[in-house]
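S.K.: Submitted below is the structure of interest, expressed as structure tokens.
The values are calculated or read from the model by the stated rules, or taken from the named source; none is laboratory data. Everything quoted here is computed from the prediction, not taken from an experiment. As a convention, Cβ positions derive from the backbone with ideal geometry for all residues, glycine included, and neighbour counts pool all protein chains shown. When the accessible area is computed, the model is the full protein with side chains, heavy atoms only, and any ligands, DNA or RNA have been set aside. Shrake-Rupley method; radii C 1.70, N 1.55, O 1.52, S 1.80 Å.
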Amino acid sequence: MDEHIELGRFSISLAVQDIGASLRFYEKLGFSVIDGGHIHPEWPDAGDGSTAWRILQNGQAVIGLFQGLFDTNTLTFNPQDARRIQRRLKSRAVPIIQEADEQSQGPAALFLMDPDGNPILIDQLG
């Protein structure tokens, strides 16, 4: 392979049925909320309770809880430059399910699947 790809921070995004129950469970494991739709005005929770999200951390471990937003658990990486990674993956013939807009500025995201069907989100946060 050519150049190393730095994917950034890793977390798992869990598709949960009841965000309150999941939050209480992971708090008992020592996780604390560091972000979420209750404090993030750009991506708020739905007012009707249909969608909600929280990002939890315990040391280096990060878990995202997503109710009504994902169909399945997702591996998530937060790089500095998602578009650069996208160009490298395309040059390596890695199939991309949903591409980041190369013409846009700021945060970007792309989705791909591993050979076993596990979704991978490469999500540039800022």
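S.K.: Is there a residue being in contact with a helix residue (DSSP H, G or I) (Cβ under 8 Å, 6 or more places away or on another chain), of a type outside the set (Asp, Glu) and part of a strand (DSSP E or B) anywhere in region 20-32? Write out each step before concluding.
M.R.: Of the residues in region 20-32, the ones in contact with a helix residue (DSSP H, G or I) (Cβ under 8 Å, 6 or more places away or on another chain) are none.
No, the conditions are met nowhere in region 20-32.
S.K.: Another question about this same structure. Under the condition of being under 22 Å from Glu3 (Cα atoms) and of a type in the set (S, T, N, Q), which residue from region 68-126 is surrounded by the fewest Cβ atoms within 10 Å (Cβ to Cβ)?
M.R.: Out of the qualifying residues, it is Ser91.
S.K.: Of all residues in region 29-67 being open to solvent by less than 50 Å² (accessible area, probe 1.4 Å) and β-branched (Val, Ile, Thr), which is farthest from Ala15 (Cα to Cα)?
M.R.: Selected residue: Val62.
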